Structure formats: structure tokens, C-alpha cells
Ligand code: GUN
């Protein structure tokens with residue numbers, strides 16, 4: 001068997017065309033263009049690259065954006081007062097604080113200081129909590145993007161056994177909630193594996209749907225998955241590659257070549273989940289501008 005490839009780049013491109021049309025209709029109806037404010041603390045190169053991708057996407061779909069840069073020495077108090085000014089600015093629809101933050105800052109405190117009505121990342125406890133109780137919310141972009149892929153490729157989740165490897169706040173935990181709950185199609189029997197799981201293979205081999213977001217290259221090998229499984233690889237790892245000018249290549253958490261022979265569907269890295277995350281951020285920013293989740 002050779003797996004069918006889930007082409008996130010293509011699906012994200014189609015979604016962004018739709019969002020662009022929705023944005024133009026919103027503006028034609030007399031509304032201000034949606035505005036996304038990005039905040040970067042420090043100069044982490046990976047964060048700079050992610051912000052570059054988000055800015056380019058905004059330009060593609062017609063959402064206005066700019067990035068405020070703060071030094072990595074900024075105090076929690078200063079950072080929160082900047083966020084407060086964004087919360088109070090009616091010209092800003094969505095606020096995104098790029099993570100990770102320098103270690104002296106608590107990401108929990110910082111995220112909680114964002115107005116949940118502008119939290120287009122879906123990281124604020126209000127939005128995470130509403131997700132857990134199946135209420136309308138800003139859904140965390142990566143899990144939401146994965147559900148768009150299931151929809152696009154007609155991959156059912158209802159009644160399946162889904163296994164999520166990794167329990168981060170950004171991906172693993174919201175993904176497991178969305179898989180298990182009624183909303184977003186979900187309705188799967190869901191297992192979460194994390195750093196305390198004794199033998200992850202016992203679980204991964206039983207998965208109809210396997211979502212891997214552990215940040216460890218080559219963690220999942222062919223012998224760890226069931227024949228015909230659906231594999232979603234969320235990992236984006238830089239590994240040294242001297243044949244490339246930039247000195248590294250991007251790989252996921254799965255042995256793509258090995259798994260491809262055994263599973264029914266698989267996402268590549270790059271070009272799988274990554275572009276979907278950015279497309280969902282655009283969708284959330286438009287929802288924020290329209291006040292669709294939290295009407296006044
Ligand atoms: N760092 C890694 N992924 C993300 C994300 O989706 N949003 C933000 N704000 N920071 C990140």
C-alpha cells in the first residue's frame with residue numbers, strides 16, 4: 001500500500017482564496033479591513049520566520065497587519081501594558097503574541113492579559129475552556145487546520161480511535177479535546193500520549209488516526225503504526241543538512257518514507273499541517289473582525 005498524501009499547501013491555498021473573498025465582501029459592505037497585531041519579544045530566528053509567513057498570508061487575503069518588536073529584556077509589566085493598549089484599540093481585531101517568550105516571562109500570564117475576544121490564537125483560558133464545553137470559540141489554529149484537512153479529504157473521525165502524541169497547550173491538548181468532543185466533527189475515542197507514557201507503541205499501533213506533535217524527529221516509525229492508519233505529522237524540526245545553503249532541512253516527527261508504505265493517508269513536512277495553521281489564523285482574524293464568536 002502507498003499512502004495518499006494530504007496536501008496542506010493546496011488546501012490552505014484554496015481556503016485562503018475563500019477567506020480573501022470573504023474579506024473583500026466584508027470591506028465592500030462598508031466595514032474596516034480586518035487588522036492583526038503581532039507582537040514579537042526578542043529575535044528568535046524561528047519566530048521571525050513564522051511571523052514572516054503570517055504576514056505574507058495576511059497580505060494574500062487582504063488582512064492588514066503589523067508587528068511590534070519588544071526587546072527580550074522587556075518586563076512583564078511593560079509587556080502587559082503594551083497588550084492592554086492593543087486590547088483597548090478599536091482598530092485592532094486580533095492580537096498574536098508569538099511564542100515562545102523569554103524564560104523570565106510567564107506565557108500564561110501574558111496570554112491571559114490578551115482580551116479573549118481578540119485572542120485569534122485560541123490560547124486564552126476563556127477560549128480553551130469554551131472549546132472543552134463545545135461552545136463557539138476561537139479554536140487553536142493547528143488543530144482547527146487539521147480538522148479542515150479531515151473535512152477536505154472526507155476522512156471520518158466519528159467512532160474512530162484517535163491517538164495524539166504530545167500534550168502541549170498549542171497543539172496536543174486542544175487537538176485531543178476537538179477529537180473527543182461533539183464539535184468540529186470529533187466524536188472519536190481519544191488517547192493522549194505524553195512524556196509519562198510508558199510505552200507509546202502500545203497506543204500508536206492501535207490508532208486509526210494518529211496525530212503526532214512531539215517535536216522529536218523520527219519518533220514514529222513504520223512498526224509503530226497500524227496498516228491503513230491516517231497519520232498527521234505536526235512536527236517541524238530543523239536537522240542539519242550540509243547539502244542545503246541554509247545548512248538545515250525541515251523534517252516532521254515521523255519517518256515519512258517508512259510510514260508511506262503502510263498507512264492510508266499521511267501529511268508531509270513541510271507542506272502538510274504548517275500552511276493550514278496560518279490559513280486558520282486568517283480565518284480567526286476575520287471572525288474576530290466580524291465579532292462572530294463574541295457579539296457585542
Ligand atoms: N509558536 C509556535 N506556534 C505558535 C502559534 O501557533 N502561535 C503563536 N502565537 N506562537 C507560536
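Values for this structure:
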item: DSSP bridge pairs, the chain: antiparallel proportion in percent, nearest 5; result: 10
item: Per-residue Cβ neighbour rank within 10 angstrom, fewest leading, 244, 181; result: 244, 181
item: Cα centroid separation - region 231-276 against region 150-214, whole Å; result: 19
item: Crossing angle, helix 8-28 versus the chain [Cα axis fit, 0-90 degrees, rounded to tens]; result: 20
item: Degrees, to the nearest 10: 141-152 long Cα axis against longest axis of the chain; result: 60
item: Quotient of C-alpha Rg and 2.2 N^0.38 Å, computed over region 146-225; result: 1.04
item: Cubic angstrom per residue, convex hull over Cα atoms of region 186-296; result: 155
item: Cβ-derived FRET efficiency at R0 25 Å, residue 5 paired with residue 60, nearest 0.05; result: 0.60
item: Dimensionless Rg over Rh [region 15-121; C-alpha; Kirkwood]; result: 1.00
item: Mean shadow area of region 102-251, taken as a quarter of the surface of its Cα convex hull (nm²); result: 11.3
item: Beta bridges by DSSP in region 188-296, antiparallel share as percent, to the nearest 5; result: 35
item: Ranked list, fewest to most other Cβ atoms within 10 Å of each Cβ, for 84, 16, 54; result: 84, 16, 54
item: Region 112-194 - convex hull of the alpha-carbon atoms, volume per residue in Å³; result: 80
item: Residues residue 243 and residue 189, FRET efficiency given R0 of 35 Å [Cβ-Cβ distance, rounded to 0.05]; result: 0.20
item: Between helix 45-61 and the chain: long-axis angle, C-alpha atoms, 0 to 90°, nearest 10; result: 70
item: Mean separation of Cα contacts under 8 Å (6+ apart) over length of region 193-246, as relative contact order %; result: 37
item: Gaussian network model of the chain, Cα within-10 Å springs - most flexible of 162, 214, 240; result: 240
item: Rel. contact order, % - alpha carbon contacts under 8 angstrom, at least six apart, the chain; result: 22
item: Compactness of the chain as Cα Rg over 2.2 N^0.38 Å, two decimals; result: 1.00
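FYI, it's all coordinate maths here, none of it is from the lab. Model, not experiment: these values are computed from the prediction. Note that we place each Cβ from the backbone using ideal geometry, even for glycine, and neighbour counts take in every protein chain shown.
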